[in-house]
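Right, one structure below, let's go through it.
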Amino acid sequence: MNWTSETVPVAGVNLQLSRAGSGAPLVVLQHDVGTPAGLPFYDTLASHATVLRPAHPGYDGSERPAWLRNVRDIAAVYHALLAQHAATRGRTDVTLVGLGFGGWVAAEMATQAPAAFRRLVLVGPMGIKPERGEIADQALVSYIDYVRLGFADQKAFDRIYGADPTTPTLEQWDLNREMTFRVAWKPYMYNASLPHLLGGVSTPTLIVWGRGDRVVPLECGERYAKALPQARLSIVENAGHFVEMEQPAELARLIGDF
Amino acid sequence: MHLMYFTEQPMSAYNEQAGRDFGATALMFSNKHFDPVAGSRLYNEYLEHYRLAENVGFDGIMLNEHHNAPFCMQAKCNVFASILAATTKRVKIVLLGNPLPLADNPVRLAEELAMIDMVSCGRLVSGFVRGGGQEQLATGVNPAYNRERFEEAHDLIVKTWTQPGPFRWEGTHYQHRVVNPWAVPLQKPHPRVWIPGVLSKETIIWAAQQRYPYIALSTEIEATKKIWEQYDKVANECGYAGGPEYRGYLQRCHIAETDEKALANARQFMWMQGEFTGLAHPVWSSPSGYFSPSYRQAFVEYAVGRRSNPRGASFEEQVHNGQILAGTPKTVIPRIRKLLEETRPSIMGFWSADGFVSHADTRSCIRLMGEEVLPAVREIGKELGLWSPFEANAPTGRKFPEPAVPAGAV
């Protein structure tokens, strides 16, 4: 798959944007730890759609705006990005796929524009406060331990990042973590008004959860499914928080069938 | 010179084995290991040490605060400052300091400090710190905005102290409809502000820009000289000359009747395996966004064990390089002379005991310091021209060039 990468100014922020494929637009919003480039999951998506994969402001090479201090601001920046895309490409039938933290951003985007998207796919999203468990707090664990926590199978981590990730990878995780603190420190990784606002979203939504997710409890998936009027929850076996890295084919199939 | 007594107020009465088993003695080490009966005894012993320090001739008592760890029992330096304001007569009460980013209401801090200044009849030196990384986690404060909050809280406090209210404050981190606390400090233009630190270049630069003395905390001699080089450079750019009245130095210094006993007690400075702030995970001590971006690579390598601890020098090395001073007065005075000659501070803090050093040995150390060490150090200070900010009538700061004095003083 031929991916292009460019820097796009959006709302005064220089965003890193990767793009591949053709057809209806599909936007992938990334995890709090960012993403390795070139995952098979992205290629599979791009064989059926025009995939836009922005790095969040302050993450993975996108500029960090000093003023951007909450997750809804990130959602607003992406609305501006999609408006630019619609103006130049003329396509508005957008599918949003949010992974983990990116799922929270996607959910916020949906509440800001309740009928703007064709489909919404939320994979293990943060954003809703669990009633029983907790969202795992990266502030208390090392970079490697936090990312490992997102895998049900540690061999998958070794395969993707190497058993001992490089120093530049660690530095990028630290930069991403700093930005996460800037936007989601307190309350950590949720927005108390989100479950209420989701009630106004009319977009058909697929919620996907890795059975072995140790970062965001599965009960949050149930709460999302209850809060969104047109949602269903699918559970993927043999996957943790990073479903797209552990079960890429299964996740792509669920999205394709949706 | 201005000579200060300091203790971390160690909470030595806890189960050390429990700390070793848990693998950490900070932040997440359970407070079920805190014994309030021992805590009550220790707090009162530390108060006795402070009063003794005043009686034997120290000029100041330096206080600090930390949270969630046995290495320091003092969780709020303003509490001890209030007690000392009422129970001492002469010593300066030197807070090094209040961790500003932890405050959600800096106006409240400004009020508390004004009260301490008045009760002590103008003996407050109000230092400010960013707080350690663990302090941010222990109090739920965002480490990524630590420096912004530090600077904004400082500006708000100084304005609260110096400009008649009411006024409104609309900042980035603090918004106040009405700033108009009834209590204002006795010292005018405002109590002196000293800034302690270990490492961060940004803090040294900021202190020099404000014309506030910088207090180097247990750094080794060469690193300390680099700090002054940086400070003096910024001072020059700001139109004044740095020098001894802008320099403070805290070192660990234990005195006993024999060198053997002093060295044995001084080993207690290493009681947390040499970690001042207890054994902790690196990401607790330095959460993302808290440390200087120029250290990012070194830090992430340290955090995953690819680099050794920058503070990991052995006891013997630290005795050798002057970071730990231990012995009889006769042994230690020449070593203090060397520190003073090399680094030329006018403010000197002596961190006298740590860990499990007994009440009796601590008292004996304080007494020997007062009887023999302090008079000798004062003579060396005169000989070297190390005049403290009080002796030199140094400015309160860049914004207020006049020296701080209690209102109504003749």
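Please tell me if residue B:182 is surrounded by 15 or more Cβ atoms within 10 Å (Cβ to Cβ) and away from chain A (no Cβ under 14 Å).
On the way: surrounded by 15 or more Cβ atoms within 10 Å (Cβ to Cβ): no; away from chain A (no Cβ under 14 Å): yes.
Against the criterion (surrounded by 15 or more Cβ atoms within 10 Å (Cβ to Cβ) and away from chain A (no Cβ under 14 Å)), residue B:182 does not qualify.
Which of the residues spanning region B:55-87 are among the aromatic types (Phe, Trp, Tyr) and either within 18 Å of residue B:101 (Cα to Cα) or out of contact with any strand residue (DSSP E or B) (no Cβ under 6 Å at 6 or more places or on another chain) (or both)?
B:71 - this is the single residue of region B:55-87 that is among the aromatic types (Phe, Trp, Tyr) and either within 18 Å of residue B:101 (Cα to Cα) or out of contact with any strand residue (DSSP E or B) (no Cβ under 6 Å at 6 or more places or on another chain) (or both).
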For region A:133-160, how many residues meet the condition of being without any contact (Cβ under 8 Å) to a residue 12 or more places away in the chain and either at the interface with another protein chain (Cβ under 8 Å from one of its Cβ atoms) or more than 15 Å from residue B:287 (Cβ to Cβ) (or both)?
-> 9
In region B:181-208, which residues are of a type outside the set (A, V, I, L, M, F, W, C) and either touching a helix residue (DSSP H, G or I) at 6+ places or on another chain (Cβ under 7 Å) or part of a loop (DSSP other than H, G, I, E, B) (or both)?
-> B:181, B:185, B:187, B:189, B:190, B:191, B:197, B:200, B:201, B:202
State whether the residues of region B:102-113 include one that is assigned to a loop (DSSP other than H, G, I, E, B) and charged (D, E, K, R).
-> yes
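Yes or no, residue by residue, for (1) away from every other protein chain (no Cβ under 14 Å); (2) at pLDDT below 95; (3) more than 16 Å from residue A:35 (Cβ to Cβ):
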| residue | (1), (2), (3) |
| --- | --- |
| A:162 | no, no, no |
| A:186 | no, no, yes |
| A:194 | yes, no, yes |
| A:197 | yes, no, yes |
| A:218 | yes, no, yes |
| A:225 | yes, no, yes |
Unique residue being closer than 26 Å to residue B:284 by Cα and free of Cβ contacts under 8 Å to residues at least 12 places away in the same chain when the list is B:131, B:127, B:140 | B:140
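Hey, does region B:231-240 have a residue that's under 30 Å from residue A:68 (Cα atoms), of a type in the set (Val, Ile, Thr) and free of Cβ contacts under 8 Å to residues at least 40 places away in the same chain? Quick ask: steps written out before the conclusion?
Of the residues in region B:231-240, the ones under 30 Å from residue A:68 (Cα atoms) are none.
No: zero hits.
Please note which helices (runs of 4 or more DSSP H) are completely contained in region B:221-289 and include at least 3 residues that are away from chain A (no Cβ under 14 Å) and under 27 Å from residue B:403 (Cα atoms). Even if it seems obvious, please write down each step before you answer.
Working: elements: B:221-237, B:259-266, B:282-285.
By residue number, B:221-237.
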Which condition number does residue A:63 fail, the rest of (1) modelled with pLDDT under 95; (2) touching a Pro at 6+ places or on another chain (Cβ under 8 Å) being met?
-> (1)
Exactly one condition in (1) within 14 Å of another protein chain (Cβ to nearest Cβ); (2) out of contact with any Leu (no Cβ under 6 Å at 6 or more places or on another chain) is not met by residue B:339; state its number.
-> (1)
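In this structure, is residue A:202 among the hydroxyl-bearing types (Ser, Thr, Tyr), away from every other protein chain (no Cβ under 13 Å) and either over 30 Å from residue A:230 (Cα atoms) or surrounded by fewer than 19 Cβ atoms within 10 Å (Cβ to Cβ) (or both)? Before you say what the answer is, go through the steps one by one.
Details: among the hydroxyl-bearing types (Ser, Thr, Tyr): yes; away from every other protein chain (no Cβ under 13 Å): yes; either over 30 Å from residue A:230 (Cα atoms) or surrounded by fewer than 19 Cβ atoms within 10 Å (Cβ to Cβ) (or both): yes.
Here the answer is yes, as residue A:202 does meet what is asked.
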With respect to residue B:100, is the statement that it is within 28 Å of residue B:345 (Cα to Cα) and either touching a strand residue (DSSP E or B) at 6+ places or on another chain (Cβ under 8 Å) or buried (at least 23 other Cβ atoms within 10 Å of the Cβ) (or both) true?
-> yes
Which one of the conditions (1) touching a Gly at 6+ places or on another chain (Cβ under 7 Å); (2) at pLDDT 95 or above does residue B:284 fail to meet, given that it meets all the rest?
-> (2)
Here is a list of conditions, (1) of a type outside the set (Asp, Glu); (2) touching a Lys or Arg at 6+ places or on another chain (Cβ under 8 Å); (3) more than 30 Å from residue B:279 (Cβ to Cβ), and residue B:99 meets all of them except one; can you say which number that is?
-> (3)
Before we move on, is residue A:180 under 12 Å from residue A:32 (Cα atoms) and either touching a Gly at 6+ places or on another chain (Cβ under 6 Å) or at the interface with another protein chain (Cβ under 9 Å from one of its Cβ atoms) (or both)?
-> yes
Might you check whether a residue that is of a type in the set (Ser, Thr, Tyr), within 27 Å of residue B:154 (Cβ to Cβ) and away from every other protein chain (no Cβ under 14 Å) occurs anywhere in region B:85-93?
-> yes
Odd one out for residue B:365 among (1) modelled with pLDDT under 95; (2) hydrophobic (A, V, I, L, M, F, W, C); (3) over 22 Å from residue A:165 (Cβ atoms) = (1)
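Confirm whether residue B:204 is within 26 Å of residue B:26 (Cα to Cα), within 21 Å of the chain's Cα centre (by Cα), more than 14 Å from chain A (Cβ to nearest Cβ) and at pLDDT 95 or above.
no
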With respect to residue B:160, determine if the residue is outside any loop (DSSP other than H, G, I, E, B), within 16 Å of residue B:116 (Cα to Cα), of a type in the set (S, T, N, Q) and modelled with pLDDT of 95 or more.
-> yes
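Please verify whether residue B:296 is facing chain A (nearest Cβ under 10 Å), among the basic types (Lys, Arg) and outside any loop (DSSP other than H, G, I, E, B), treating the condition exactly as stated. Before you say what the answer is, go through the steps one by one.
Working: facing chain A (nearest Cβ under 10 Å): yes; among the basic types (Lys, Arg): yes; outside any loop (DSSP other than H, G, I, E, B): yes.
Answer is yes for this residue.
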Scan region A:244-258 and report the pairs whose first residue is surrounded by 12 or more Cβ atoms within 10 Å (Cβ to Cβ) and whose second residue is among the aromatic types (Phe, Trp, Tyr), with Cβ atoms within less than 7 Å and a gap of 6+ or a chain change.
-> A:244/A:41; A:246/A:151; A:248/A:41; A:251/A:41; A:252/A:41
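Quick check on region B:299-323: of everything there that is of a type in the set (A, V, I, L, M) and in contact (Cβ under 8 Å) with a residue 12 or more places away in the chain, which residue is farthest from the other protein chains (Cβ to nearest Cβ)?
Within region B:299-323, the subset of a type in the set (A, V, I, L, M) is B:300, B:303-304, B:313, B:319.
Imposing the further condition that a residue be in contact (Cβ under 8 Å) with a residue 12 or more places away in the chain reduces the set to B:303, B:313, B:319.
On the way: B:303: 6, B:313: 24, B:319: 33 Å.
Restricting to residues being of a type in the set (A, V, I, L, M) and in contact (Cβ under 8 Å) with a residue 12 or more places away in the chain, the top hit is B:319.
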Tally, over region B:116-139, of residues that are closer than 17 Å to residue B:83 by Cβ, surrounded by 21 or more Cβ atoms within 10 Å (Cβ to Cβ) and not small (Gly, Ala, Ser) = 5
Confirm whether residue A:246 is in contact with an Asp or Glu (Cβ under 7 Å, 6 or more places away or on another chain), of a type in the set (D, E, K, R) and either within 14 Å of another protein chain (Cβ to nearest Cβ) or within 27 Å of residue B:283 (Cβ to Cβ) (or both).
-> yes
Just one of the numbered conditions (1) surrounded by fewer than 18 Cβ atoms within 10 Å (Cβ to Cβ); (2) away from chain A (no Cβ under 13 Å); (3) touching a residue at least 40 places away in the same chain (Cβ under 8 Å); (4) in contact with a Gly (Cβ under 9 Å, 6 or more places away or on another chain) is not true of residue B:155; which one?
-> (3)
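The values are calculated or read from the model by the stated rules, or taken from the named source; none is laboratory data. Given the structure is predicted, the values throughout are model-derived calculations rather than measurements. Note: ideal-geometry Cβ built from the backbone for every residue, glycine included; neighbour counts use all protein chains shown.
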